Amino acid sequence: MTLAQLRDAGFNALDAAARDWTALAVDLDGAGARTASGVAGPLLASGWTGADADAGYRSLDRQDTELRLAAQEACGVGPLVETAATELRSAQSSLVALLADASRYGLAVADDGRVTPPPGAEATEEARATRLAAAITDVLARAAEADAFLGDAVGRLAPDAVRDGMDRWADAVADGRMVAMLAGIDASRIPQGGPEAVRAWWDALPESDRRRFLVACPEILGGLDGLPAVVRDRANRVVLGATEDALRKELAAEQAKLAGVTGGTRGSGVRFAVRIDELSARLGAIEALRSRLDFAPDGPGTAVSYLLGFSAKGDGRAVVAVGDPDRARNTAVFVPGMGVGIEDAHKEVDRVRALWTAARDAGGRDTSTITWLGYDTPDSLTHALNPEQAKDAAPQLGKFVSGLRATHDPAAGGHVTVIGHSYGSLVVGEAARGPDGLGADDIVAVGSPGMHAHDAAQFGVGREHVWVARAEGDHVPVLGGMAYTAPVIGVTPDDREFGANRFTTDGARGHSGYWNPKHPDSLDNQAAIITGQYDRVQLMWGAAPPPRE
């Protein structure tokens, strides 16, 4: 870059380019949202099935993936252009100041940056000219570096500029980290307080800053209660895709190691084989979870899904909504119990999808059902006898429900039901009895070993809004009766003395049969609770409240 180019440059075009790229990212996000709500949503609700439907849904899924990737990459261009424009303006201001100094001292500055004093100048003027020339050289170098930075960085965001050894999702995450570093995006600006504070922060951000954080910090935004569902879904799907890529790479590396070991799995390759099995299981589970997010789920007449939380660390985390909770009239949060990790997440999504279908069939089309695998569930019965994991999870569940309230469209109404299964009901009980409460309108406990309470009135929603069920052959309530029912030993939530409404589960058997569409009594009762049609709940005992308007 020459002195004349920097001196005379106008940067309005760069400002306009940054705005245009931000607008493009917004448009791409909007196109994805319109695909989900305006095309896929109505098609799914219509019950369209058959070979043509399968092909159409697969096409929509491919288009959705392309739009998400394009939006993620486009988000990064605007911040880079803005950063380059800022650096170039700073360099230009420095150059203008140096030229003014040269003019004041009668020094001539050539277009190539050379500075010469007037004829017969003294040694001090010669030295000043040398210093100014060096300063101008430094400024031009700064400007050239900013210019090169912009070209190189934007080039890395091109759709075909995928790094070696990465797929497009992993590359998108790597690009986001690059943008964060080069554009100085500070993750510490993201609030870590309550959902209301998060919502206020997000609402106050300019669109360009929202895009900056989306591209740079998807791992943080995806788990942030108080952000809209579409934002969390967008962030978590990026992380999900990158996680799949990382697992595939590690799996391929372990398979290569095993192939090079003499004796294979009967020799020193045993440890590689064990790790291969672990990676294969984890990858298969995540692929199964992703399939539940597609527009073509198992059954017709369903709703678009949103990934509200995801992590593959440890046992894993997954929070999936069937239907948009921000616009739903009725929202149900399902908390699973013992032994459920990321490997089982897709099965839990199937349960809440069955709940959504039952609610739809009951007339509650404006419904969102959510599986909240947002805590570390006990791995075994021995661990389940310790309530500490439930106590640790309770504040997080409460915060999640508060986040649903914070982002919900008030015009849609807002009835929230929280359902706990097995150990999950203990988590629900701990949250409801906590200092901040749970924020639910109705609480449901199925197959509950106890909730650290002896009276349904302790949960802050009124006895008439506490619902329990125990299926034939479910022995968990008996086993848990000595551990989770203090201070009244042996009184479990399904006992009449507890004071809750106990609904029927005709046909359901065992500890996991409460969501079997082949025996829908339990499902239908839960759907009636979720949709506020309390008069349709079939009770063994209790007193149901009047139906919601």
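Results, tabulated for the structure shown:
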read-out: Mean Cα-pair separation over length for the chain, i.e. relative contact order, pairs under 8 Å, 6 or more apart, %; value: 10 percent
read-out: Lysines whose Cα lies under 28 Å from that of Lys257, excluding same-chain neighbours fewer than 8 positions away; value: Lys249, Lys313
read-out: Long-range HN-HN contacts of Trp48 with modeled amide H, under 5 Å; value: Gly301
read-out: Rounded accessible area per residue of region 179-259, 1.4 Å, Å²; value: 39 Å²
read-out: Debye log10 I(q)/I(0) at q = 0.13, 0.16, 0.22 Å⁻¹ for region 31-149, Cα point scatterers; value: -0.67, -0.82, -1.12
read-out: Region 506-536 versus region 384-432: alpha-carbon centroid distance in Å; value: 20 Å
read-out: Computed helical MRE - 222 nm, the chain, DSSP H runs ≥ 4 contributing -39500 (n - 2.57), nearest 500; value: -17000 deg cm²/dmol
read-out: Packing-based order for 397-403, 212-218, 502-508, using average beta carbon neighbours within 10 Å, highest first; value: 212-218, 397-403, 502-508
read-out: Per-pair calculated FRET efficiency, R0 = 41 Å: Ala23 and Arg248 via Cβ, rounded to 0.05; value: 0.75
read-out: Inter-probe distance in nm under a simple model that places probes 7 Å from Cα toward Cβ, at His519 and Asp111; value: 8.9 nm
read-out: Thr49-Ala259 FRET efficiency (beta carbon distance; Förster radius 45 Å; 0.05 resolution); value: 0.55
read-out: Cα Rg over Rh - region 1-98, Kirkwood; value: 1.32
read-out: Nitroxide proxy distance, nm - points 7 Å out along Cα→Cβ at Ala187 and Asp361; value: 4.5 nm
read-out: Computed lengthening from Thr504 to Ser59, 0.36 nm per intervening residue step minus Cα-Cα distance; value: 156.0 nm
read-out: Of the DSSP H helices in the chain, those whose Cα atoms cover at least 27 Å axially and whose Kyte score averages -0.5 or more; value: 12-34, 51-104, 123-156, 229-259, 270-291, 388-407
read-out: Estimated FRET transfer efficiency when R0 is 22 angstrom, pair Glu196-Ala411 (beta carbons, to 0.05); value: 0.75
read-out: Point-to-point label distance, Asp277-Ala4, nm (Cα→Cβ direction, 7 Å offset); value: 7.4 nm
read-out: In Å², nearest 10: area of Val230 left accessible to a 1.4 Å probe; value: 70 Å²
read-out: Compactness relative to 2.2 N^0.38 Å, alpha carbon Rg of region 75-132; value: 1.58
read-out: Taking the convex hull of Cα positions in the chain, its mean projected area over all directions (nm²); value: 34.0 nm²
read-out: Tensor-based shape of region 396-549 (alpha-carbon gyration tensor, a/c under 1.5 rounded, otherwise prolate or oblate); value: oblate
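The values are calculated or read from the model by the stated rules, or taken from the named source; none is laboratory data. Keep in mind that this is a model prediction, so the values were computed, not measured. We place every Cβ from the backbone using ideal geometry, glycine too, and count neighbours over all the protein chains shown. We work out accessible area using only protein heavy atoms, side chains counted, and drop any ligands, DNA or RNA first. Shrake-Rupley method; radii C 1.70, N 1.55, O 1.52, S 1.80 Å.
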